[in-house]
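Rule-based calculations on the coordinates, nothing more; no lab input. Values in this document were obtained by computation on a predicted structure and should not be read as measured data. Because the Cβ atoms are built from the backbone with ideal geometry, glycine has one as well, and the counts that use them run over all protein chains shown.
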Amino acid sequence: MEPTYQTLSVAAILKESAERTPDRIAVAVGDDEISYARLWEETRSYAGALRARGVKPGDAVGVLIPNVADFPRVYYAVLSLGAVVVPVHALLKADEIEYVLRDSGASILICAAPLLAEGEWGGALAGVPVFSVLAPGPIEGVPQLEVLAAEAEPIESYVPRSPSDTATILYTSGTTGKPKGALGSHLALVEQTNTLLLNTFDLTAEDTVLGCLPLFHTFGQTCALNTSMRAGAKVVLLPKFSGEAALRALVDSGCTVMMGVPTMYIALLEAAKNTDDRPNLRYAVSGGASLPLAVIERFREVFGVEIYEGYGLTETSPVASFNHVGREPRAGSVGQAIWGVDVEIAKGDLDDSVELLPSGELGEIVIRGHNLMSGYLNLPEESARAVVDGWFRTGDLGTKDTDGYIWIVDRKKDMVVRNGYNVYPREVEEVLSGHPDVSSVAVFGVADDAHGQEVMACVVLTADGEAQPDALLEWAKEKLAAYKYPRRIEIVESLPLGPSGKVLKRELVARYESEPAEEEKEASDARM
């Protein structure tokens, strides 16, 4: 094998912006504003403290920190040492944290003090030492990284790495079986950042970006943090998201760009009903899940800007396609493939080969390019199933038009088969979202003796919404074919969300398959 002489590091993103624009604000959390020069200085001190505790190139380091300035400090410090960042979802419990630490082979866990109840126990279960940040004072048995950093000799610069070396291990949500650790290389992450900045987003050093996406998630890390830092922009971090807090931050901080998932935009629309204050946004970016057309239209009316949708996965670093800023977005589409990446439609019923389909045909979305993961950690068979003939198989169903725009129909696993007919929940969700009383909706299939599966919807109403299930059923019945409309609609206070803001449909399926509808209960009671 020929030797590799090239070097690359994600840590260069912060270092070079600090040298180019040292006095610009990099991160703001509340009233605390941190310049690029200060952030890099503190990052080098953190790295010095970790190096003194034995962290070396190639070591995996667990990071359990919410959206505060310590996340980028620790993130870039670990990468600067040539080590591997293993972000841990902030909502995980101790046993789940133990799994991530053991599976990744993490040598230490750096945990924010407010999350130590689960983090310290998870570290203990995994036999991994825990270091804290954000602790107001000493904690017995948990060294404070800030104190160690103040005493440490800062590193001079980052350790150069091979472009193919692993920078991050990001764990998928584990909708089937245990979560899998997707290996992100320095090349994939840096090239993704450069491509988004040069060819996809319209983002400059003059912009202020709302960082409300969780930074432990690939969307927040790559798009909100790395791309903003590469541009020398200001990132306003929101430690805990709510519609009211996000709207206040957008207005008070002068944010020009917002990046979020659909549930965040829905929450902002609700918050906007209680105030006339509006931010001076240039545009907004949505990803992570499909955004209903009704939400796009309402957001345009209320906030006066376009939401540009994109598409990607943890395994694609994450962006694969996007409604490129500067081009007219096609509402309902997730845009065209980003530079250097191919996004195509393939036959979905072939397991060991990829056969591409012509424009307009429905099939599985497949992706190849510089943005692909290096594989799943310690899971060669899973990796081989996921990447076939060089294409990553997404498990999403969609079409591609003659202009190259991708249209997602639904997840293969979420498709409902009723009486032998395929029902795509996203289509039903679009219809219900169009009702003026509906804030958000999740459509899914539940087992049914007569029809195989029945279509069901859980609906969250707007603050002033009064629609009843029967009215919503009639609304859907008028707009959908007889086999598509939901026979059962439940009004709920909220939908179960994962750490990244996605609706956890598997939880809804488990809940409602074990709870028969009222009419079924009544029939059962009558038979007793």
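Of the peptides 414-420, 281-287, the ranking by mean beta-carbon count within 10 Å, highest at the top, reads 281-287, 414-420. Pair-distance distribution of the chain: all C-alpha pairs, bin width 20 Å, starting at 0; shares per bin in whole percent are 22, 55, 22, 1.
Which one, G58, T263, P143, is farthest towards the positive end of the dipole of the chain when Lys and Arg carry +1 and Asp and Glu -1 on their Cβ? It is G58. Please report the net charge: other residues with Cβ closer than 15 Å to the Cβ of N422, K and R +1, D and E -1. It works out to a net charge of -2. If a spin label sat at a point 7 angstrom from the Cα of R327 along the line to its beta carbon, the backbone N atoms of the range 291-319 nearer than 14 Å would be those of 308-311. Here's the list of lysines a cross-link from K234 could span, going by alpha-carbon distance under 24 Å and ignoring same-chain residues fewer than 8 apart: K15. Take each peptide in 76-88, 244-256, count the other Cβ atoms within 10 Å of every residue, and average; sorted highest first, the result is 76-88, 244-256.
What does the charge count near V295 come to, summing +1 for each Lys or Arg and -1 for each Asp or Glu among other residues with Cβ under 12 Å from its Cβ?
-4
Computed about its Cα centre, the charge dipole of the chain is approximately 960 debye, with only Lys, Arg, Asp and Glu carrying charge at their Cβ.
Would you work out if the range 70-115 is rounded, prolate or oblate? Take a ≥ b ≥ c from the square roots of the eigenvalues of the alpha-carbon gyration tensor; rounded if a/c is under 1.5, else prolate when a/b is larger than b/c, oblate otherwise. Please list the in-between numbers first.
Details: a/c = 2.61, a/b = 1.33, b/c = 1.95.
Cα axes put the range 70-115 in the oblate bin.
With θ taken as phi - 60° and the Karplus curve 6.51 cos²θ - 1.76 cosθ + 1.60 applied, the whole-hertz 3J(HN,Hα) list for the range 61-70 is 10, x, 10, 10, 9, x, 7, 10, 4, 5 Hz, x standing for glycine and proline. Beyond 18 Å, the tail of the calculated P(r) for the range 415-527 holds 49 percent of the Cα pairs. A full extension of the chain between K240 and E427 corresponds to an added length of 64.2 nm, given 0.36 nm per residue minus the alpha carbon distance.
Net charge dipole, the range 241-413: roughly 440 debye, given to the nearest 20, about the Cα centre with Cβ charges of +1 for Lys and Arg and -1 for Asp and Glu. Listed by chain and number, the lysines whose C-alpha is less than 23 Å from the C-alpha of K180, apart from same-chain residues fewer than 8 away, are K93, K412, K413, K502, K505.
Hey, what number do you get for the chain at 222 nm if only DSSP H runs of n ≥ 4 count, each worth -39500 (n - 2.57), divided across all residues, to the nearest 500? Walk me through the numbers on the way to the answer.
Numbers: 16 runs with 158 residues, N = 528.
Rounded to the nearest 500, the figure is -8500 deg cm²/dmol.
Candidates V285, Y36, V334 compared by Cα position along the dipole of the chain: farthest toward the positive end lies Y36, with charges placed on Cβ.
Looking at the range 305-409, the pairs of alpha carbons with a distance over 16 Å make up 55% of the total.
Mind ranking 343-355, 204-216 by how tightly packed they are, going by the mean number of other C-beta atoms within 10 angstrom, highest first? Please report the intermediate quantities before stating the final value.
Values: 343-355: 15.2, 204-216: 22.3.
Packing proxy ranking, top to bottom: 204-216, 343-355.
Taking the charge dipole of the chain about its Cα centre, with +1 at Lys and Arg Cβ atoms and -1 at Asp and Glu Cβ atoms, the residue from S440, P163, C111 reaching farthest to the positive side is P163.
Spin-label model, N199 to V251: label points 7 Å out along the Cα-to-beta-carbon direction sit 4.0 nm apart.
Only four residue types carry charge here, +1 at the Cβ of Lys and Arg and -1 at the Cβ of Asp and Glu. Report the dipole size of the range 415-527 about the Cα centre in Debye, rounded to the nearest 20.
On the way: 13 positive and 22 negative charges, 118 e Å.
Charge dipole, the range 415-527, about its Cα centre: 560 debye, nearest 20.
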